[in-house]
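S.K.: Have a look at the structure that comes next, please.
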Amino acid sequence: MLPAAAQRDSLQLDLSKLDDTLRGGAAPLPAFRSALQEAHEAQRQRFLSGAPVEELLRQRAALLDELLTRAWRLHSPPAQAALVAVGGYGRAELHPGSDIDLLILTAEDSTETQAIERFVHFLWDIGLHVGHSVRTVAQCTEVAAHDITILTNLLEARLVEGSAPLLEAMRAALAPEHLWPADEFFKAKWEEQARRHHKYHDTAYNLEPNIKDGPGGLRDIQTITWVALRHFGSAHLHDLAAHGFLTANELRLLDEGRSFLWRIRYALHLCAGRREDRLLFDYQRALAAQFGYRDTPHQLAVEQFMQRYYRIVMELGRLNEMLLQLFQETILYAREDTEIVPLNKRFQVRNDVIEVAHPGVFKHYPFALLEIFLLLAQRPHLKGVHAATIRLIRDHRYLIDDAFRADLRCRTLFMELLREKRGIAHELRRMHRYGVLGAYIPEFGRIEGQMQHDLFHVYTVDEHTLFLVRNLRRFALPEFAHELPLCSEIFQQLPKPELLYLAGLFHDIAKGRGGDHSELGAEDATQFCLRHGLSAYDAHMVAWLVKHHLILSRTAQREDISDPQVINAFAARIGDSTRLDYLYLLTAADIRATNPGLWTGWKGALLTELYLATRRALARGLENPLAQAERIEETKREARQLLAQHGVDEAALQALWLDAGEDYFLRYSADEIAWHTQSILAAPADKPLTLMRQRSSGGSELFIYTPDRDYLFATITGALDQLGLNVHDARIATTRNGHTLNTFIVLEESGAAIESAARTGEIITALKQQLLQPAAPGAPATRRTRRQLKHFPIPTQITFDQDARNQRTVMEVITADRPGLLAKVGKAFMECGIRLQNAKIATLGARAEDIFYITNRDNQPLDNDRQTQLQTALLHFLEIK
C-alpha cells in the first residue's frame, strides 16, 4: 500500500459510504462502479481547478489501492497470494486512462484459480482497464531473465494486499546478483531507448509527438530512474542528486519537465476520454487554450504551446543523453584501463572520448566552448564528449554573451568549423543539443522549438534548419553522390561551400517575427557574415540566397517553365550561374528537409528542368534570348530525328502536326512529341488512345488522345481519384480537328511512382472504360479525407491574372486539399465553358495551391464577367462534401 499520507490525500470518495453499502448486502458491482465514477469526476474537477498533477497521480493510485483491497477481500483469494501493483501503478503514477498493471503472485503449489479469475473479471466489470499476470516467484524469475521489459515492470512492484513475504522473495530472486547485473541492464535499456527513438525518426519534433515514448518524453525520464534503481537501489531522482549524479539545477529541470509532461498527459486522457499519449492535432488547440495560451499577431496560441512543449522535451532529451553517458562511464567503463592523449592545454582524449584538461577550462578560456566542436570535427575517430565535460559546457553557457561573440577567436573558430571537410553537420547538431548554437547565434535560439501549425512543415524551424545543413553536407560526400548526382556534381564546383552552409543556417531564422522572414533573415545574415570577416561580396551572396531561397521552387511549381520568356525572366532575376548553382543546391536541400514525403522524383525533375533551362539562358546571354519560332523548329527537328527510325509516314506526320498547332511544340519536349506522334498514327482513329510510361524523373506520364467533349477533364480527374492517384501536373492541348491531347503526371497517393505493369494495366483499362461512357461529370471521390486535414480549415481563395502574350487567363486556386478536388474544378470548368491549357498542381500539407492556364471556348482570355461566373461555380462545387 502507499504511505498513509498518500492514502489520506486520496480520499476523493466517501469510502465509508461504499463500506456501508456493502455491509447492507447491496450488490457490489454497481456500488464499486459508482464509487469509481464519482472519484474520477472529483479528480477531473480538481485537475481543471489547478490541483498539482503530482498529487492527483498519487491520489488515483491510493484510491485504486483502497478499491482493489476491498475487491480482493470480497473474492476470497488464496491465503498464500499477493496482489502487487507493477509498472506505472507500482510507481503511483496513474493518469485517468492508464492501464492498471497488476501481478498476482501465488505460492508454488497453489491451485486456487477460480477466485482470482472472478476478481479480475470484477475489475473489468466496474470499468477498470486491467493488465494482469498470475505467476509464481519462479515463473517471474524465468520470464524476467529473458525479457528486459518484464523485469523492468517487476522492479517497480509494490504490495497492495496479501502476502508480503512472497513479494520479498520475488525481489530477492530478481536482484542484480542473480540476473541482469547493472552493466547488462544498462546496455539493454540504452539499446531499447535507441530503438524507441528510431520509431519517431530520432527527433522529438514531430507534428503529433508521443509525449510518453517519443524522444525527450516521459519514458526517457523513466529510463534514467530504472538504471538508477538497478545500480543504486533507488528510483528517486532526488537520490541521484545525493549520489552526485545530478546537480540541483538538473534535478529542478527534470522535476519541472516531468511535471509539465504529466499535466499534458493527464489533460490528454481527459480530452480523449481514454488513454492517449499522442499529442494529436485533434487536441492541440484545446489544450493550448486550457493551458492559458492566446493568439498573438505573430504566433497562434497552439504554436506557443507546442514551442514550450518542444523546448522542454529538447532539454529533457539533453539531460537524458548526458546522464546515460554518465551512467555508461560509471557502470561500463569504470574498470577499463585509461589512456590519456593531450590535445592542447585545454583538452585531452581519454579512451577516444574528448574531455577538458581541468574543470576550470571554460572559465579561463571561454572560446573553448566553440573550440571543442572544431576539435571533434577534425578528429572523426573520437566517440564523443565525456559526460562531465558536457555538464561543464551546459553550466558555462552563460559565458556566451556579446563580448564572447565579438571575440575574434570565437568568430574564427566558428568559421573554421564551417570550412572543415568532415563533421560540420554533426557538430552543429551537437552544438544545438548542448545549447551552444542557440547561445552563439541568438536569432537561432529564438526559433528553437518553433513550429508552424500546418501539415507542410513537419519539423520545428531549428530541426528543419539542421536537416537542411545535413542535406547540403551530403552533396559534398562521395558516399551520398548516388542520391542526387547533379547536386553532388555542382557542389564540387562551388568556390566557397561555407557560404551555402551560412545561407542554410539563416534561411528561416526570422520566422515567427512578423514581416517577410526572407528579408529579415537576409539582414541578419549580412550582419553575421560581416562580423565574421567575410568580404562584402560573400556577405551579399549569403544574404541574396536567404532573401530569394524560395524563388526557384515557386517558379518551378507555379509557372509555365516550358515558356522561353518565363525562363528568360527567371534568368534575369538570378543574374549569373554562380548564384544559380548555390540557389539550386539550397532549394533541393530545403525541400528535402521540410517534409520526408515532400520530395519526389517529379519535383526534383521540375527543379532540374528549370535549373538547366536557366543555365542555358545565362550561357546564351540575357541579351540574346531564344526566339519562339526558333524553339519550335528546333523541337520539330529533334522529334523528326527520333521518329526517323520508326518509318513514320511523312504526310501523316505533317497533317497531325499541322492540326496540333504551334503552341503544342512549345509545351512538349521532342521526346514527348515523338512518343505521341508514333502512338497516335499507329492507333485506331475511332477510339480513345491511353498510354502511360515511367519518366526517368520519377513521375508516371499519362497521355490521353481523344475527341473533345463535355466534362472530359472532370471525367479523367475523377477516374484518377477513384484509382487512388494524385495529379502533379496537367497539360491539355486542343487540336484543330477537335481532339485533345491530355498529359498528366501522376503518382500514387503515397508519392511513389507507378512501377508495376499490372498497376499500369489497371489504370489504362479503367480510363478507357470511363472514356467510352457517355459524357458525364466526374465520379464522386471515394477516398476519405485524412484525419489531420480536418484540423486545418483553409478558406478558398481564387485569383485571376491575364497572360496577354499567350492570350490566356491564369487562375490560382488556394484551398484545403481533399479527395476529388480536381474533378470538382473540372465540373466548374465545364459549366462555365472553360478550356484548360495547362495546370500546375501543388499540395503543401493540407493546402492545395493550383495554377490553371485557361481560356474560353474561343481560345480567348476570360473577361471579368466570365471570371466572376467561374469563381461562383468553383466556390459552389468546392463546398459540396
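The values are calculated or read from the model by the stated rules, or taken from the named source; none is laboratory data. Keep in mind that what you see is a predicted model, and the values were worked out from it rather than measured. Every residue, glycine as well, gets a Cβ built from its backbone with ideal geometry; the counts of neighbours run over all protein chains shown. Note: accessible area is taken over every heavy atom of the protein model, side chains too, but ligands, DNA and RNA are not part of it. Shrake-Rupley method; radii C 1.70, N 1.55, O 1.52, S 1.80 Å.
S.K.: To the nearest 0.05, how large is the calculated FRET efficiency for T765 and C271 if R₀ is 51 Å and r is the Cβ-Cβ distance?
M.R.: Working: r = 47 Å, r/R0 = 0.92.
So, using R0 = 51 Å, E works out to roughly 0.60.
S.K.: Further question: How would you rank 116-128, 803-815, 465-477, highest first, on the average number of other Cβ atoms within 10 Å across their residues?
M.R.: Values: 116-128: 16.0, 803-815: 17.7, 465-477: 21.9.
My ranking of the peptides, most packed first, is 465-477, 803-815, 116-128.
S.K.: Next up: With a cut-off of 8 Å between alpha carbons and a minimum separation of six or more residues, what is the relative contact order of the range 372-453 in percent? Intermediate results must be reported in sequence, preceding the final value.
M.R.: Values: 51 pairs, mean separation 32.4, N = 82.
Normalised by residue count, the contact order of the range 372-453 is 40 percent.
S.K.: How high is the relative contact order of the chain, in percent, counting Cα pairs under 8 Å that sit 6 or more residues apart?
M.R.: Answer for the chain is 6 percent.
S.K.: Now a separate question. For the range 814-858, what is the charge dipole size about the Cα centre, in debye to the nearest 20, if Lys and Arg each add +1 at the Cβ and Asp and Glu each add -1 at the Cβ?
M.R.: Here the range 814-858 has a charge dipole of around 80 debye.
S.K.: Continuing with the same structure: Put +1 on the Cβ of every Lys and Arg and -1 on every Asp and Glu Cβ in the range 504-604; which of G601, Q565, G575 then has its Cα farthest towards the positive end of the dipole?
M.R.: Looking along the dipole axis, the top candidate is G601.
S.K.: While we're on this one: Order the peptides 354-367, 546-559 from the highest to the lowest mean number of other Cβ atoms within 10 Å of their residues.
M.R.: Details: 354-367: 16.2, 546-559: 19.8.
Most protected by this proxy first, the peptides run 546-559, 354-367.
S.K.: Got a sec? Charge dipole of the chain, +1 on Cβ for Lys and Arg, -1 for Asp and Glu; which of F47, T526, L428 is way out at the positive end?
M.R.: T526
S.K.: Okay, next question. Residue farthest toward the positive end of the dipole of the chain, with Cβ of Lys/Arg at +1 and Asp/Glu at -1: which of A242, L323, S488?
M.R.: Of the options given, the answer is A242.
S.K.: Here is a follow-up. Would you rank R308, R70, R409 by solvent-accessible area, highest first, keeping every protein chain in place and using a 1.4 Å probe?
M.R.: R409, R308, R70
S.K.: When you count, for each residue, the other Cβ atoms within 10 Å and take the mean per peptide, how do 276-283, 713-720, 145-152 rank with the highest first?
M.R.: 713-720, 276-283, 145-152
S.K.: Got the relative contact order for the range 531-629 handy, in percent, Cα pairs under 8 Å and 6 or more residues apart? Don't jump to the answer; show the numbers that get you there.
M.R.: Details: 61 pairs, mean separation 36.4, N = 99.
Averaging sequence separation for qualifying contacts and normalising by length gives 37 percent for the range 531-629.
S.K.: For the range 436-486, take every pair of Cα atoms, bin their distances at 5 Å starting from 0, and report each bin as a whole percent.
M.R.: Bin by bin from 0 Å, the calculated values are 4, 19, 20, 17, 14, 14, 11, 1.
S.K.: Tell me the angle of helix 218-232 to the major Cα principal axis of the chain, expressed in degrees between 0 and 90 and rounded to the nearest ten.
M.R.: That works out to roughly 40 degrees.
S.K.: Which value in nm describes the separation of the simple spin-label points at D659 and E184, placed 7 Å from the Cα toward the beta carbon?
M.R.: 8.0
S.K.: Using a simple spin-label model with points 7 Å from Cα along the Cα→Cβ vector, what separation in nm is obtained for R637 and D255?
M.R.: Calculated label separation equals 8.2 nm.
S.K.: Pairs to check: K421/K547; K189/K212; K603/K840; K511/K547; K603/K827. Give those whose C-alpha atoms are more than 18 Å from each other in this structure.
M.R.: Values: K421/K547 27 Å; K189/K212 16 Å; K603/K840 11 Å; K511/K547 13 Å; K603/K827 27 Å.
Violating the 18 Å Cα-Cα cut-off are K421/K547; K603/K827.
S.K.: Helix 281-290 against the longest principal axis of the chain: what's the angle in degrees, Cα atoms only, rounded to the nearest 10?
M.R.: 60
S.K.: I would also like to ask the following. Students often get this wrong, so try it: which of [x] 101, 76, 51; [y] 121, 59, 56; [z] 105, 65, 50 is Cα extents along the principal axes in Å as calculated from the structure shown?
M.R.: Computed from the coordinates, Cα extents along the principal axes in Å corresponds to [x].
S.K.: Run the quick spin-label model on Y333 and E41: label points 7 Å from Cα toward the beta carbon, then report their separation in nm to one decimal.
M.R.: 5.8
S.K.: Compute the long axis of helix 757-771 from its Cα atoms, compare it with the longest principal axis of the Cα atoms of the chain, and write down the angle in degrees, 0 to 90, nearest 10.
M.R.: Between helix and principal axis, roughly 60 degrees.
S.K.: Placing +1 at every Lys and Arg Cβ and -1 at every Asp and Glu Cβ, with all other atoms neutral, what dipole size does the chain have around its Cα centre, in debye to the nearest 20?
M.R.: Charge dipole of the chain: 660 debye, to the nearest 20.
S.K.: Just subtract the alpha-carbon distance of T796 and L772 from 0.36 nm times their residue separation and send over the number in nm, one decimal.
M.R.: Using 0.36 nm per residue and subtracting the Cα-Cα distance, I get 5.3 nm.
S.K.: Can you compute the helix-only [θ] at 222 nm over the chain? Use -39500 (n - 2.57) per DSSP H run of at least 4 residues, normalise by all residues, nearest 500 deg cm²/dmol.
M.R.: -17000 deg cm²/dmol
S.K.: Using just the alpha carbons, could you tell me how many Å³ per residue the convex hull of the range 569-688 encloses?
M.R.: Each residue corresponds to 144 Å³ of Cα convex hull volume.
S.K.: Using +1 on the beta carbon of Lys and Arg, -1 on that of Asp and Glu, and nothing else charged, what's the dipole of the range 474-542 about the Cα centre, debye to 20? Mind dumping the intermediate values first?
M.R.: Values: 5 positive and 10 negative charges, 29 e Å.
Approximately 140 debye in magnitude.
S.K.: Mind checking the per residue accessible area of the range 166-280 for me, 1.4 Å probe, whole number of Å²?
M.R.: About 41 Å² of surface per residue is accessible.
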